[in-house]
Amino acid sequence: GGGCGHMQALGEETERELMDSFDSIIKVFTVAASPNWFMPWQTKQQRESTGSGFIISGNRILTNAHCVADQCHITVRKHGDPNKYAARIVAVGHECDLALLTTDDPTFWEGTQPLELGGIPELQDPVAVVGYPTGGDNISVSVGVVSRVEPQQYSHGASSLLAIQIDAAINPGNSGGPAILDHKVVGVAFQSLEGAENIGFIIPVPIIQHFLEDVTRNGGEYHGFPALGINCQALENDQLRTYYGMAEHESGILISKIRPLTDAASKLKRHDVILTIDGQTVANDGTVPFRNRERISFDYVLSNKYDGDSMTLGILRDNERFDVDVIAAPLKQLVPIQMYDMLPRYFIYAGLVFVPLTQPYLHEYGEDWYNQSPRRLCDRALFWEAKEEGQELVILSQVLQDKVNQGFETLCNLMVLECNGVKVKSLNHLAELMEIGKTTPFQNLLLEDNRVIVLQTARAESVHKSILERHRIERDMHM
């Protein structure tokens, strides 16, 4: 990390300018309480954490989304000021791990200067990461050198976006602090590499600007990075290129899969060859030129686009070459990947607890959820795609035991396919079907593996309330 040698490398002038920026660097105190996805009617114990942030134009504080996820209370403190001020969230983008806060207390903003955003630093540039890492109360500076710029997995939102790697560790608490070069912000510190020493990642300015612009365009709501919804295969083998009719000088990638419910599904076909994206030639390994002689995956072109923007793809299909305009939009997952700042939806009937399948539900199986959670549910979460709008996978999550549902506890974690003979589309749909079923003598559920649950309506109705009371559950549903 820091060390004196590194600080000397910055020079005395820069050091003074860094000092000037300290007043704009904020310590963020968060109290958060995450939902319990196994018992969706309650939250887990609240926990306290600290992070960093910095003031930008418009009386806003920029920080990481993971610093304020599932928050119930946020306070902020300035450098050299002992007071904590109550803050609130203006906008949050969990996918790119950025959040905007503000405080309505005018005294907080007195004497503060917003920091300016710079560009993407070059390799070997020294950047100073400033923040409030755990282990002390005062501001801390560590200097690192930019070692590479390329898309990385963002662990908070599970998305792959451009990131800058530096050779200084980003410690907990440092998250959300600015990385400064030539008195401009070139990124936001956000994660370090597990199992490696002195490697940290910062969110670069193009991603920050995309977040700010996205929020401005959509009236304070974050929509996210759009995608085409296609999977592609590299065309590095010359026999493949010959087979699909490509000329010697041509390069491109092969579309192997197109998601339903996307604009691409109506315009592109499987095994089309993409030759160009927005006029840029796509190489056979799926990269496009980036900066000075670097190359980057073609997805990067998408990260400059917004929800509803269109892109021009040069396509080769059946020996014909033509351009297609495809609209890009954020992908809707059949099984949601992250559900921060939301209360879990659930529906209980006669002690049977139904929930939509989500990744946070599987995460309750622990750090190693990929191996510990039910295999079939895990596969669906990672590979299944929505075929129709509003579709959800509804599962029987647990049975609050009672004489009425005895023997059904072995059917937990199975998917609900039909209710009273009608195919179940979503949790709300299941609740509607069971409401209609209350007028008939029996409620009949078909689960996967052709398992069946039958309840006598009168008996189910008679014990429904007492089961809830016994488990101290106030509401039998949250939709």
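The values are calculated or read from the model by the stated rules, or taken from the named source; none is laboratory data. Computed from a predicted structure; not experimentally measured. Cβ placement follows ideal geometry from the backbone for every residue including glycine, while neighbour counts extend to all protein chains displayed. Note: accessible area is taken over every heavy atom of the protein model, side chains too, but ligands, DNA and RNA are not part of it. Shrake-Rupley method; radii C 1.70, N 1.55, O 1.52, S 1.80 Å.
Here are the numbers for the structure shown:
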| item | result |
| --- | --- |
| Segment 305-365 pair-distance distribution - Cα-Cα, 10 Å bins, rounded % | 16, 27, 22, 17, 14, 5, 0 |
| Helix 427-437 vs. the chain, principal-axis angle (Cα, 0 to 90°, nearest 10) | 20 degrees |
| Rg/Rg_globular for segment 30-164, with Rg_globular taken as 2.2 N^0.38 Å and Rg from C-alpha atoms | 1.17 |
| Inverse mean reciprocal Cα-Cα distance (Kirkwood Rh) of the chain, Å | 25.3 Å |
| Ellipsoid semi-axes in whole angstrom, largest first, where each is sqrt(5λ) of the Cα gyration tensor of segment 124-199 | 18, 15, 12 |
| Probe 1.4 Å, protein heavy atoms only - accessible area per residue of segment 162-231 in square angstrom | 36 Å² |
| Nonlocal Lys pairs with alpha-carbon distance under 20 Å, segment 313-461 (8 or more apart, or different chains) | 7 |
| In order through segment 351-364: 3J(HN,Hα) via Karplus (6.51 cos²θ - 1.76 cosθ + 1.60), integer Hz, x for Gly, Pro | x, 8, 9, 10, 9, x, 6, 9, 5, x, 4, 5, 5, 5 |
| Span from the segment 99-147 Cα centroid across to the segment 272-316 one, whole angstrom | 32 Å |
| Alpha-carbon spread of segment 163-322, three principal axes, descending order, Å | 55, 38, 29 |
| Apportionment of accessible area to carbon and sulfur, the chain, percent (1.4 Å) | 47 percent |
| Equivalent ellipsoid, segment 356-479 (semi-axes from 5 times Cα gyration tensor eigenvalues, Å) | 25, 18, 14 |
| ³J(HN,Hα) computed for each position of segment 459-467 - Karplus, 6.51 cos²θ - 1.76 cosθ + 1.60, integer Hz, glycine/proline x | 5, 4, 4, 5, 9, 3, 5, 5, 5 |
| For L161, residues with placed amide H under 5 Å, excluding near neighbours | Q152, Y154 |
| Cβ-defined net charge surrounding Y346, 14 Å radius [Lys, Arg +1; Asp, Glu -1] | -2 |
| Sparse-neighbour loop sites [GluC sites (Glu not before Pro); segment 359-435; at most 11 other C-beta within 10 Å; DSSP] | E367, E388, E389 |
| Loop trypsin sites (Lys or Arg not before Pro), segment 251-356 (other Cβ atoms within 10 Å of the site Cβ: 12 or fewer; DSSP) | K269, R270, R291, R293 |
| Three semi-axes of the equivalent ellipsoid, segment 259-334, Cα gyration tensor, whole Å, largest first | 20, 18, 11 |
| Furthest towards positive pole of dipole, C412, T439, Y361, structure part segment 350-472, Cβ charges | T439 |
| Estimated 222 nm signal from helices in the chain, with DSSP H stretches of n ≥ 4 weighted -39500 (n - 2.57), rounded to 500 | -5500 deg cm²/dmol |
| Coil-residue trypsin sites (Lys or Arg not before Pro) of segment 45-84, DSSP, other Cβ within 10 Å capped at 12 | none |
